[in-house]
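Reviewing the structure listed below.
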């Protein structure tokens with residue numbers, strides 16, 4: 001992954017803690033990783049975690065980004081070849097499927113021309129809802145690669161589908177999407 005530039009989007013779900021392990025794996029593999037967090041993601045994991053792992057500032061706001069004369073959503077989109085949103089909450093899936101751009105991450109996605117991956121994570125009842133599945137299908141039709149959630153123990157203390165794929169699985173899909181050999 002040496003020399004590859006990636007954006008990891010983090011939304012507001014408990015699975016955000018797993019994203020730190022994913023980012024660490026990508027950086028250890030030689031990738032340049034920029035992290036874009038939603039405001040709600042900051043309630044689950046702090047920017048300093050990702051800043052320490054990447055050696056880069058974390059991006060959060062549409063209007064408060066320094067060093068991006070064209071706007072962070074444009075500058076970051078032009079620098080990266082792949083965006084992976086992990087976790088992708090039900091709210092974020094709906095925003096992305098509808099083309100809503102009300103924060104840095106959703107605006108960046110509309111400015112981005114490369115490969116987009118999303119790793120949904122949510123309660124099993126939420127994942128099963130028709131509205132969520134419609135949004136997932138719309139995203140697939142739009143060319144987004146969905147890394148399906150796994151079944152298992154969920155933070156809501158239930159068993160079922162909705163658990164974010166493991167950092168290792170997400171990394172495998174990123175490697176595949178970049179056309180790199182598996183390591």
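Any residue in the range 48-77 that is farther than 23 Å from residue 17 by Cα sitting within a Cβ distance under 7 Å of a residue that is at pLDDT 65 or above and assigned to a loop (DSSP other than H, G, I, E, B)? List the pairs, counting only those 6 or more apart or interchain.
That search, which allows pairs on different chains as well, returns 62/103; 77/112.
I'm told residue 90 meets every condition in (1) in contact with a helix residue (DSSP H, G or I) (Cβ under 6 Å, 6 or more places away or on another chain); (2) at pLDDT 95 or above; (3) more than 22 Å from residue 167 (Cβ to Cβ) except one. Can you identify the failing condition by its number?
(3)
Can you tell me how many residues in the range 113-146 are in contact (Cβ under 8 Å) with a residue 40 or more places away in the chain and touching a strand residue (DSSP E or B) at 6+ places or on another chain (Cβ under 9 Å)?
Result for the range 113-146: 11.
For the range 48-59, indicate whether the set of residues that are in contact with a strand residue (DSSP E or B) (Cβ under 9 Å, 6 or more places away or on another chain), part of a strand (DSSP E or B) and either closer than 21 Å to residue 178 by Cα or at pLDDT below 95 (or both) is non-empty.
Looking through the range 48-59, at least one residue is in contact with a strand residue (DSSP E or B) (Cβ under 9 Å, 6 or more places away or on another chain), part of a strand (DSSP E or B) and either closer than 21 Å to residue 178 by Cα or at pLDDT below 95 (or both).
Among the residues of the range 129-164, how many are at positive phi and crowded, with 20+ Cβ neighbours inside 10 Å? Walk me through it before giving the result.
Taking the range 129-164 as the starting set, the residues that turn out to be at positive phi are 143, 152, 157, 160, 162.
Pick out the ones that are also crowded, with 20+ Cβ neighbours inside 10 Å and you get 162.
Total meeting the criteria: 1.
Go through (1) more than 27 Å from residue 24 (Cα to Cα); (2) out of contact with any strand residue (DSSP E or B) (no Cβ under 9 Å at 6 or more places or on another chain) and name the single condition residue 180 misses.
The single condition residue 180 does not satisfy is (1).
Any chance the range 97-109 includes a residue that's touching a helix residue (DSSP H, G or I) at 6+ places or on another chain (Cβ under 8 Å), farther than 21 Å from residue 34 by Cα and crowded, with 17+ Cβ neighbours inside 10 Å?
Within the range 97-109 (the criterion being touching a helix residue (DSSP H, G or I) at 6+ places or on another chain (Cβ under 8 Å), farther than 21 Å from residue 34 by Cα and crowded, with 17+ Cβ neighbours inside 10 Å), the answer is yes, since at least one residue qualifies.
Output the residues belonging to the range 4-47 that are under 21 Å from residue 155 (Cβ atoms) and in a helix (DSSP H, G or I).
Selection gives 16, 17, 18, 19, 20, 21, 22, 23, 40, 41, 42, 43.
So residue 171 ticks every box in (1) in contact (Cβ under 8 Å) with a residue 24 or more places away in the chain; (2) touching a strand residue (DSSP E or B) at 6+ places or on another chain (Cβ under 8 Å) but one. Which box is left unticked?
Residue 171 satisfies all of (1) in contact (Cβ under 8 Å) with a residue 24 or more places away in the chain; (2) touching a strand residue (DSSP E or B) at 6+ places or on another chain (Cβ under 8 Å) except (2).
The values are calculated or read from the model by the stated rules, or taken from the named source; none is laboratory data. Note that this is a predicted model, so its numbers are computed, not measured. Backbone-built Cβ (ideal geometry, glycine too); neighbour counts: all protein chains shown.
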